[in-house]
1. Write out, first by first residue and then by second, each pair whose Cβ atoms fall under 9 Å of each other, whose residues are 6+ apart or on separate chains, and whose first residue, in region 216-228, is within 19 Å of P249 (Cβ to Cβ) and outside the structural domain of K145 (by TED's automatic domain parsing) while the second is among the charged types (D, E, K, R) and surrounded by 21 or more Cβ atoms within 10 Å (Cβ to Cβ).
2. Please determine whether any residue of region 151-165 is part of a helix (DSSP H, G or I), among the aliphatic types (A, V, I, L, M) and within 23 Å of P242 (Cα to Cα).
3. So in region 72-86, with the set limited to residues that are in contact with a Leu (Cβ under 6 Å, 6 or more places away or on another chain) and of a type outside the set (D, E), which one is farthest from L107 (Cα to Cα)?
4. Taking the options V54, V77, V34, name whichever one is surrounded by 15 or more Cβ atoms within 10 Å (Cβ to Cβ), under 20 Å from K270 (Cβ atoms) and either small (G, A, S) or touching a Phe, Trp or Tyr at 6+ places or on another chain (Cβ under 8 Å) (or both).
5. Considering only residues that are in a loop (DSSP other than H, G, I, E, B) and of a type in the set (V, I, T), which ones fall in region 291-350?
6. Considering only residues that are modelled with pLDDT of 95 or more and loosely packed, with under 13 Cβ neighbours inside 10 Å, look in region 147-162 and name the one that is nearest to L261 (Cα to Cα).
7. Tell me, which strands (runs of 3 or more DSSP E) wholly within region 195-284 include 3 or more residues that are under 24 Å from W50 (Cβ atoms), modelled with pLDDT of 95 or more and touching a strand residue (DSSP E or B) at 6+ places or on another chain (Cβ under 8 Å)?
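The values are calculated or read from the model by the stated rules, or taken from the named source; none is laboratory data. A quick note: this is a predicted structure, and the numbers were derived from the prediction, not measured. Here the Cβ positions follow ideal geometry from the backbone for every residue, glycine too, while neighbour counts run over all protein chains shown.
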Amino acid sequence: MRRNSLGPALALCLLATPLLSACGTSAASDEKVVTVYSADGLKGENGDGWYDRVFADFTKKTGIKVSYVEGGSGEMVQRAVREKGNPQADVLVTLPPFIQQADGKGLLQTYRPAGSDRVAAADKSADGTWTSVVENYFGFVHNKKLLKKTPVTWDELLDGGYRDKLQYSTPGVAGDGTAVLVKAIHDFGGKDAALAYLKKLQANNVGPSASTGKLAPKVDKGELLVANGDVQMNYAQSKTMPNLGIWFPARPGSAPTTFALPYAAGLVTKAPHGDNGRELLDFLLTEGAQRQVSSVGGGFSAREDIKATDADAVALRALMDGVRIFQPDWDDIAENLTTYVADWKTATGS
C-alpha cells in the first residue's frame, strides 16, 4: 500500500480482476465496465485489500467489471484534468485537499450515493459532488524496537539522535506529505510558526520523498526511526511489519492531535459510464462493504451508523483514544496550496 508521486510515469495501472482491460482508456467501449482513478492505499499488495474484496463482490453482483488506475492523489487529479475534454474515468477517489481541487476544477458532477446521508457533513461536500467512502486519519510511525519509548512531542524530533533517521513525504506531492504541513500549521498556531519549526527539523530530515508508503518499510527495518503516514495504511502495513508503531505528535503539555484524511469519491463530469459509476458509488457505501473497511482495509467506516466490532475495529478505536481530532479548512487549503508549498520550500530549502 503506497503513496505515489505526482509524476505521470510513476502512476500505476492495476487490475481489479484478471478479466479487466489493461488500463483506463480501452475500457470505454465496454458497457459493462466502470473505470476508477484512485489514490493508492486501499488495494492490497497481494490482492487482499478492501478494493480487491469490494470490487470482486460488486462484479459478482452486477456483472460490471472494474477497470482500476492508481497513483498519488495529485496525479489522479492531473490526469483527469488532461482528459477533461474526453473523460476516461467514471469515479475519482482522492485524499483531501485534492478532492476539493478536483471539485473546484469542475471534474466532479453532483451525485449523492445511497448511504451518503449516513456520512458526517464534514466528510462530504455540501453540493453532493463527493463523499468519503473510507474514513482515515493522519499519523506518524516510529520503530518501536529501536526507540526506547514512543515519541510524544514535535520538539523531541529536533534531537540530534534523529539526524538522518527521520523523513516525511513532500508536501504538495504526496497527500500525507501535505498533511504534515496542515497538522504543523494547526499545532503551532499558524503558518509562520509551523514553517519555523519545519526549518529546524530539516537538519534531521533525510530529504524529499514522493511516496509516503515507501517510508514505513524503512522504519520497520530501522533505516529510519520516524516517518509520516496515515492510520489506515500504516495499520494495514503493521500486519507484516511488526516494528511499526503509530503515534501523533503533540505540543508540550497538549494532547496529541490529528485530523480526518478520508478517501473521498466522486462521479466524474461527463463520465463515459455514468450509470455504472453511480452503481459502484452506491455499492461502496453499502452496509456490507462498510463493515469490511476495518477487518479487510485497516480503516474506519465512512458511515456513522456502522459500528464494526471486529478485532481490528477495536484496536483502531483504542489507537485513537485520547487523540484530539480537529477539522482543517480544506477549501482554504485547496485554494492556497500552491502558496503554502512554495513557502515551505523557501523555509526548508527544499
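1. Close Cβ pairs satisfying both conditions: none exist.
2. Yes; the residues of region 151-165 include at least one that is part of a helix (DSSP H, G or I), among the aliphatic types (A, V, I, L, M) and within 23 Å of P242 (Cα to Cα).
3. Looking at residues that are in contact with a Leu (Cβ under 6 Å, 6 or more places away or on another chain) and of a type outside the set (D, E), I get G72.
4. Criteria check complete, one pass: V77.
5. I306, T309, V323
6. Ranking the candidates gives D159 first.
7. 244-247, 263-268
Rundown of residues vs (1) more than 24 Å from G175 (Cα to Cα); (2) without any contact (Cβ under 8 Å) to a residue 60 or more places away in the chain, yes/no style:
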residue: T269; (1), (2): no, no
residue: D282; (1), (2): yes, no
residue: Q290; (1), (2): no, no
residue: A308; (1), (2): yes, yes
